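Q: I'd like to ask you about the structure that follows.
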Amino acid sequence: MTPSPIRLLIADDEHLIRGALEALLGLEPDIEVVASADNGETAVELAQQLQPDICLLDLEMPRADGLEAAARILATVNTRVIIVTRHARPGVLRRALAAKVSGFVPKSTPAQELAHVIRDVVAGRRYIDPDIAAAALTAERSPLTERELAALRVSRSTTSVAQIADQLHLAPGTVRNYLSSAMIKLNAVSRHDAAEKAWQQGWI
């Protein structure tokens with residue numbers, strides 16, 4: 001009896017990459033691409049609807065990045081997640097492991113090798129690209145609290161303290177304190193500078 005194919009969901013906002021992954025992985029006899037999405041929010045909705053075996057998520061996506069989408073998917077769906085990324089910022093791997101991601105690979109990974117990773121992950125193993133793992137081991141750990149990180153994360157897409165406070169359901173004065181503390185810890189000249197430094201390290 002032929003085993004059922006691995007049901008795969010692909011999410012990537014770059015049309016050419018998403019199309020190439022669909023085409024190349026779809027050629028594998030034991031992999032079936034059941035859906036694709038160009039943003040994190042749609043990926044979550046499709047995963048909840050289709051219950052795929054594997055979700056292959058791009059790290060940088062609009063409407064929920066790969067890690068946010070992974071956390072939401074894994075909280076509601078019995079599946080496994082592999083993150084693919086063009087730029088493996090140091091702290092991102094730690095965040096991915098904390099989110100219970102099963103695989104972490106660069107976008108430069110050949111499709112045939114990626115298919116092997118998918119099979120390993122379905123079998124219950126975890127795969128982390130060796131170069132990404134080595135970089136993460138030597139990376140500086142974040143000195144920021146979760147609240148400080150949250151404030152910086154929101155500040156990357158908003159222009160005012162009031163908007164940040166509204167999104168985090170906090171008082172504006174509290175948000176200013178978190179941002180000020182983060183700026184001091186990161187030796188940043190502004191909250192935007194602090195947010196950029198935190199993003200470059202992969203902390204947000």
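Bear in mind that the values in this text are calculations on the coordinates, not laboratory data. Computed from a predicted structure; not experimentally measured. Glycine also receives a Cβ, built like all others from the backbone with ideal geometry; neighbour counts cover every protein chain displayed.
Q: Could I have the simple spin-label model distance between residue 171 and residue 108, label points 7 Å from Cα toward Cβ, reported in nm to one decimal?
A: Taking the two extended label points, one gets 5.0 nm.
Q: Under 11 Å from the Cβ of residue 151, count the other residues' Cβ atoms, weight Lys and Arg +1, Asp and Glu -1, and hand me the total.
A: +3
Q: Let me ask something else about it. Hey, can you rank 41-47, 177-183, 3-9 by average C-beta count inside 10 Å, highest first?
A: 41-47, 177-183, 3-9
Q: OK, next. First measure r as the distance between the Cβ atoms of residue 13 and residue 131, then evaluate 1/(1 + (r/R0)^6) with R0 = 25 Å and state the FRET efficiency to the nearest 0.05.
A: 0.55
Q: Rounded to the nearest 10 degrees, what's the angle between the helix 172-186 long axis and the longest principal axis of the chain, both from Cα atoms, 0 to 90?
A: 80 degrees
Q: So how far apart, in nm, are the two label points at residue 200 and residue 32 if each is 7 Å from Cα heading toward Cβ?
A: A separation of 4.7 nm, rounded to one decimal place.
Q: Ok, one more. With r defined as the distance between the Cβ atoms of residue 156 and residue 123 and R0 fixed at 41 Å, what FRET efficiency is calculated, to the nearest 0.05? Could you put the intermediate results ahead of the total?
A: Numbers: r = 37 Å, r/R0 = 0.91.
The calculated FRET efficiency here is 0.65.
Q: Rounded, prolate or oblate: pick one for the range 6-138, where a ≥ b ≥ c are the square roots of the eigenvalues of its C-alpha gyration tensor, a/c under 1.5 means rounded, and failing that, prolate if a/b is larger than b/c, else oblate.
A: rounded
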